[in-house]
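To start, the structure under review is shown below, and the notes come after it.
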Amino acid sequence: MKSILFITIIFLFSFSFGQNAIQLDGVNDIVTVNYPGILGDNARTIEAWIKTSANYNPNTGGVQGVISDWGTFTNSNRSTFNVLFNNAIRFEVNGNGVNGTIPVNDGNWHHVAMVYDPLATLKVSLYVDGVLDIAGNLTIPVNTLSSYVRIGQRVDGLHFFNGKIDEYRLWSVALTQAQIIANKDKELCHLNDPNLKLYYTFNQGLSSATNTGQTTVHDWSPNQKDGTLTNFQLSGSTSNWVTGQVLNPGFSSSNSIVSSCGVYTSNLDNQVYSTSGMYTINGLNQAGCDSIQTLNLTVVPTALTSFTASSCGAYVWAQTGQNYTSSGIYFDTLIAQNGCDSILKLDLTITPNSSSVIHVFSCEAYTWTQTGYTYNDSGTYSDTLSSISGCDSVIVLMLTVYPQTSTELTVNSCNSYFWSLTNVNYTNSGDYSVVLSSVNGCDSTVIVHLNLNQSDTTNQLLASCFPITWQEAGIVMDHSGVFTHTFSNVNGCDSIVSIDFIFNSLSASVTLDQFTGVLSATPIGAIYTLISCENNTELVTWNSPNFDLPSNGVYAVVVNQSGCVDTSDCVSFGSAQVLDLTEHSVVVSPNPCQDALLIQLLSGDLKEFRVFDAKGVLYIQQVFHSAVKDLSISTSELISGIYFLQINGEVVRFVKE
């Protein structure tokens, strides 16, 4: 027996949590954080892994599920990252938002990220599993106000998230797509980035176990803003700590209670600790990432007693009752009050029993001549023989039994089905089979129960005077042509619907010759009805586009062509009482005029003039008792239109602008 003093490290208690997540029940579970978030119009990035199968689409009865939110519930003042329309992610600021297109509620883990860059052309980018879902802009400015961050609930206390959240990160910069892809599948390696404002790995608690009291979520960012679990049940698989997304390890952390005999050397910073106490040790783990150890160290003296032993095959140490099958150095500690009174050391040499291995592959069953047994299942079997050395000689049979299998498949297809195993395209429902020979030489039969359903085609004829929206197909039919859309019938096969659409558009108009009284309507080739615009009565119906007006008045034409009807604008006719002169001894200028009209007589003297409109309404009249050749009259009181000047029995037309 030999007793010496040496250094031994005894871990009484050491733990680091596994890759867990937090499960929110969608009713009232939230994580509150004493951190105001990214404020104003500053850049930001939110990342998280989520897993949910809830319906959040309001168009199908769902309700918004909020991943993260902060700010105030007024326009432009929120910063909300959620799942909403089409069950895709969305970023909104209260009053406007940018919607993604990729559904994320398929019950699988998805990495989601929102990036807001105020300096970019497209300021909002949404990513799903590292893929850019959409990039766009908000229609209102971003001005996020101070309000504590919450995870799983909107700032007004509504719209809880129903599902799992893991690896939540909040950055004060706009990450690039390359940066998101580089780090989405692993925990962060280094924790000293000043742009990392919140980082929750949720690697706490025991998955789906009783976790009463585990209500604090540790923040690994430089801010150290731990979150608080509110309203969680903390037991079972809902509203509790649960198994999270499997990520590549990054930084590591551990809490260790260590007793050391003599001194303790940390494998993180290589520092030697000779006194008991609480230490926080920072270093790098084997992957080169940050490693944080909280060490509760007790340094106590230790004594050692050594033993040597040798055995054939295995050895049971009476001191511990353990069965050792390999050579090595083993220890047992005799606990005293100081924890290091005596350590027993066993220096053990094991002489292994000899063995040989036989590999056998067989179809269905195998009879081993060594033992005479027939084996129906794959496995490792052995037979022990005694050798002259006194140590056993073991023969090991490693047996693989390949069964002759039969597999049945049910296949539903449309119109036909190509089976790659037979290289045949089947056009009829039925049962089909093929016998395959595997690489091990054992037959394998595959049977397919094939159900074929057929596609269908429907043709329709439709005519209209107006554009028609085909709601089911999302097509606007605003011109003649054949419109086609493919639906899915009750069997899941194509249902092709074609509409032969005839579009008849009509726009009625008229022109009027004020001197001839001829009214011309378009388009031609229609039925025309003259109406009075003064009392809205129908006067006459005819088939020609031209019509002689019977008297002064205000008229319009109703045009009916191929079942489409339109009414022209109203026109005024007042020339029936006006003289139609082809030559004048009177010149008026300017024509058109604005505020004044100059009258010049080429022959004779001006004795009287009158001004009236096309309806015969008299506006100006003057009689002269002495000879007048030229005269300027004011037209400022006249409204814009066509007027007629009657002088000495002649009528001259002019236009007031």
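Tabulated results
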| quantity | calculated |
| --- | --- |
| Förster radius 56 Å - calculated FRET efficiency between SER464 and TYR148 (Cβ-Cβ, nearest 0.05) | 0.45 |
| R0 of 35 Å, Cβ-Cβ distance HIS485-THR427: FRET efficiency to nearest 0.05 | 0.85 |
| Average Cα contact separation per residue, the stretch 456-503, under 8 Å, 6 or more apart, as relative contact order % | 49 |
| Spin-label pair ASN296/VAL587, simplified geometry with 7 Å Cα→Cβ offset, distance in nm | 11.9 |
| Reach of LYS164 by Cα under 17 Å, taken over lysines that are not fewer than 8 positions away in the same chain | LYS51, LYS184 |
| Dimensions (Å) - the stretch 22-243, Cα atoms, principal axes, largest first | 49, 44, 31 |
| For the chain, share of DSSP beta bridges that run antiparallel, in % to the nearest 5 | 75 |
| Share antiparallel - DSSP beta bridges, the stretch 354-402, percent rounded to 5 | 50 |
| Local net charge near LEU397, Cβ-Cβ under 13 Å (Lys/Arg +1, Asp/Glu -1) | -2 |
| Percentage relative contact order, the stretch 580-656, counting C-alpha pairs under 8 Å, at least six apart | 36 |
| Two-decimal log10 I(q)/I(0) for the chain, as the Debye equation yields it once each C-alpha is a single scatterer, q = 0.08, 0.12 Å⁻¹ | -0.99, -1.22 |
| Computed [θ] at 222 nm, deg cm²/dmol, the chain (DSSP H ≥ 4; -39,500 (n - 2.57); rounded to nearest 500) | -500 deg cm²/dmol |
| Karplus (6.51, -1.76, 1.60) ³J(HN,Hα), θ = phi - 60°, over the stretch 25-38, in Hz, Gly and Pro reported as x | 7, x, 9, 8, 6, 9, 10, 9, 9, 7, 8, x, x, 8 |
| Pairwise label distance in nanometres, THR32 with ASN648, each label 7 Å out on the Cα-Cβ vector | 10.2 |
| Distance in nm between pseudo-label sites at LEU234 and THR308 (7 Å out along the Cβ direction from Cα) | 5.6 |
| Placed amide H near TYR402: partners under 5 Å, 5+ positions off or other chain | SER362, CYS363, GLU364 |
| Amide H partners (placed H, <5 Å) of GLY250, local residues excluded | GLU187 |
| Gap separating the Cα centres of the stretch 215-245 and the stretch 590-657, nearest whole Å | 94 |
| The chain: relative contact order in percent, alpha carbon pairs under 8 Å with at least 6 residues between | 8 |
| Anchor LYS345: aspartates and glutamates whose Cα lies under 19 Å away (excluding residues fewer than 8 positions away in-chain) | ASP332 |
| Full-stretch length increase - SER208, GLU472 - with 0.36 nm per residue and alpha-carbon distance subtracted | 90.4 nm |
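Rule-based calculations on the coordinates, nothing more; no lab input. The shown structure was predicted, so the numbers you read here are calculated from the model rather than taken from an experiment. For neighbour counting, all protein chains shown are included, and Cβ atoms are generated from backbone atoms with ideal geometry for every residue, glycine included.
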